[in-house]
Each structure stands twice: as C-alpha cells, then as structure tokens.
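Undergrad: Sharing a structure here in structure tokens format.
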Amino acid sequence: MPKQWFISDLHLASERPATIRLFERFVCDYPQTGDRLFILGDLFDYWIGDDDDAPLAATVRATLAEAARRGIDIAIQRGNRDFLMGKRLMRDCGARLLPDCHLAQVAGQPTLLMHGDLLCTDDVDYQKARRRFRNPLFQWLILRKPLDKRRRIAEEIRRKSGEATSLKNADIMDVNAETVVRYLRRHKVRRLIHGHTHRPDTHQHTLPDGSHATRLVLPEWHEDHVTAWCDDGASLQPVQVDQIAPGANIGRRSNASGTSNRASSASKSSVKSTSD
C-alpha cells in the first residue's frame with residue numbers, strides 16, 4: 001500500500017553539507033513509487049527566488065525531480081524561511097505547491113497540514129513581519145533585484161531574525177492553544193500536523209464540544225539524523241533516518257528483488273487514527 005511521508009524544517013543551507021546529504025539519502029531511499037511526500041515548510045534556510053542558480057538549489061531540484069520521475073507525489077508548503085518558493089521551482093522539482101492550510105486524509109482521518117507559523121499568534125512582531133514578507137508587492141519588488149543583492153538581503157534578514165529570536169521569551173514562539181483550536185474548528189478536523197516550532201511532540205487539545213484533537217509537531221533536521229513520520233494507511237509512525245558515512249555514494253540501493261532498501265525501522269510508538 002502506498003505510504004505518505006511527512007517532514008519539515010530541513011533548513012538546507014550550503015554551510016550544512018551533512019544535512020544536504022541526509023536529505024538526498026532520505027529522498028532516494030525512503031519514499032517509494034506511489035508514495036506521497038509532504039514537505040511542510042522551511043525546506044531551505046532561505047530561498048531568494050526560483051531563478052536561484054546556487055549549487056544547493058540545483059541539488060534540491062535534481063533530487064526531487066528524480067523522485068518525481070520514480071513516481072513519488074511531492075507536495076511542498078512554504079515556510080517562514082522559503083516563502084519565495086513559486087511555480088517555477090515546483091515545475092523544476094515535479095512537485096505541487098500547497099496553500100498555508102491543506103486538508104489531507106492521514107491514517108484514515110481528515111487532517112490539517114500547516115507549516116505552523118500562523119499558529120504562533122503570541123509573537124506579534126513575527127506576525128507583522130510575516131504579513132510584510134507575504135505581501136505580493138513586497139515579493140514583486142524583491143524578485144526584481146539581482147541575485148547577489150537578494151542573497152545579501154536574505155543573509156541580513158536571517159541575521160536579524162536570529163538576534164530577535166535570542167531576545168524573545170521562548171513561550172511566545174510556541175503555538176497559541178486558542179489559535180490551534182480555532183484552526184481545527186474552522187477546518188472541521190481533529191488532527192493537525194505542523195512544524196516550525198522545533199519542539200517535536202504529540203499534543204491533545206479539547207474542543208468546545210468536549211471532543212479531543214491531536215496535534216503532531218514535526219522535528220527539525222539535524223546533520224546526522226532526523227525523524228520522519230510515515231502514514232501506512234492505518235497509523236502514523238515515526239521513522240528514524242540516520243546519516244551515512246561521509247564520502248559514501250548517495251543513491252537508491254536495491255536488494256536482490258530490485259526494490260529499494262529502507263535503512264531504518266519504525267518506532268514501536270505510533271499515532272493511530274481516532275474517531276472521537
């Protein structure tokens with residue numbers, strides 16, 4: 001049975017080559033023909049436009065395009081770091097660009113998929129900046145600047161963002177529980193999957209009618225490991241993905257039957273479909 005894979009917050013950057021290798025390994029070895037791969041934002045640490053000619057951009061395009069040619073359905077959401085991703089990049093990657101809120105059937109249950117930054121409404125300064133960066137006029141003006149100028153702007157925004165984050169109370173950078181419930185009710189679902197906060201966990205929320213909803217927070221990627229989540233049709237299971245040895249060949253490894261090896265096993269714990 002085809003599976004669905006969920007990842008987010010890779011923050012791919014040229015200065016983190018090990019994470020890039022881990023991404024290549026995951027895409028090559030884990031999703032199989034007929035599977036669906038959801039990337040829920042912040043694939044890149046920053047994205048300066050679909051005309052980016054940097055080696056990292058070429059690597060990601062080639063890796064995802066090869067997966068698409070193998071018959072993997074790739075769906076990508078914008079995050080707070082790569083909000084300039086557009087149709088041209090999706091076409092190059094053989095992927096679909098998802099809206100900020102996307103409904104999908106996950107383990108037999110209607111599920112809301114988000115990057116997660118819209119849920120962090122206590123961080124008022126961030127929400128103001130988000131509205132500015134998502135403004136079509138702002139993006140039109142940015143994308144008409146030369147690539148080198150855009151890179152400098154992106155680096156400056158990243159630096160200022162890091163400084164601002166270090167000064168903020170950690171609580172305001174997490175989701176607001178009332179906002180979570182509001183999105184669950186608006187979309188009439190009892191499961192939400194998102195990233196952004198880098199606080200992986202499974203949370204329970206009580207809705208106004210007394211029913212319960214589940215919120216799964218995806219983890220950020222590290223240089224040597226990450227936990228992806230996999231829907232096998234019956235349950236959601238965490239799958240540990242570990243780095244290969246430096247210098248080893250990246251690519252699909254096949255066993256004697258010709259099918260691709262998955263080098264990790266799912267954790268015994270799972271998030272099963274519920275019907276409250």
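The values are calculated or read from the model by the stated rules, or taken from the named source; none is laboratory data. It should be emphasised that the depicted structure is a prediction, and the values quoted were computed from it without experimental measurement. Reconstructed Cβ throughout: ideal geometry from the backbone, glycine too, with neighbour counts over all protein chains shown.
Undergrad: Please specify each residue of the stretch 163-181 satisfying the condition of being under 22 Å from the mean Cα position of the chain (by Cα) and either surrounded by 10 or more Cβ atoms within 10 Å (Cβ to Cβ) or of a type in the set (Phe, Trp, Tyr) (or both).
TA: THR165, ILE172, MET173, ASP174, VAL175, ASN176, ALA177, THR179, VAL180, VAL181
Undergrad: ARG199 - would you say it is modelled with pLDDT of 95 or more and within 18 Å of the chain's Cα centre (by Cα)?
TA: So ARG199 fits the description; yes.
Undergrad: Please name all residue pairs, on different chains or six or more residues apart, with Cβ atoms under 9 Å, provided the first residue is in the stretch 119-134 and is assigned to a loop (DSSP other than H, G, I, E, B) and the second residue is among the β-branched types (Val, Ile, Thr) and buried (at least 16 other Cβ atoms within 10 Å of the Cβ).
TA: Sorted first by the residue in the stretch 119-134, then by its partner, the pairs are CYS120/VAL175; CYS120/THR197; THR121/VAL175; ASP122/VAL175.
Yes or no, residue by residue, for (1) polar (S, T, N, Q); (2) surrounded by fewer than 16 Cβ atoms within 10 Å (Cβ to Cβ):
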| residue | (1), (2) |
| --- | --- |
| ASP42 | no, no |
| GLY71 | no, yes |
| GLN77 | yes, no |
| PRO99 | no, yes |
| GLY108 | no, yes |
| HIS115 | no, no |
| ASP125 | no, yes |
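Undergrad: Would a scan of the stretch 166-187 turn up a residue that is touching a strand residue (DSSP E or B) at 6+ places or on another chain (Cβ under 9 Å), part of a helix (DSSP H, G or I), at pLDDT 95 or above and over 22 Å from GLN105 (Cβ atoms)?
TA: Yes: one or more hits.
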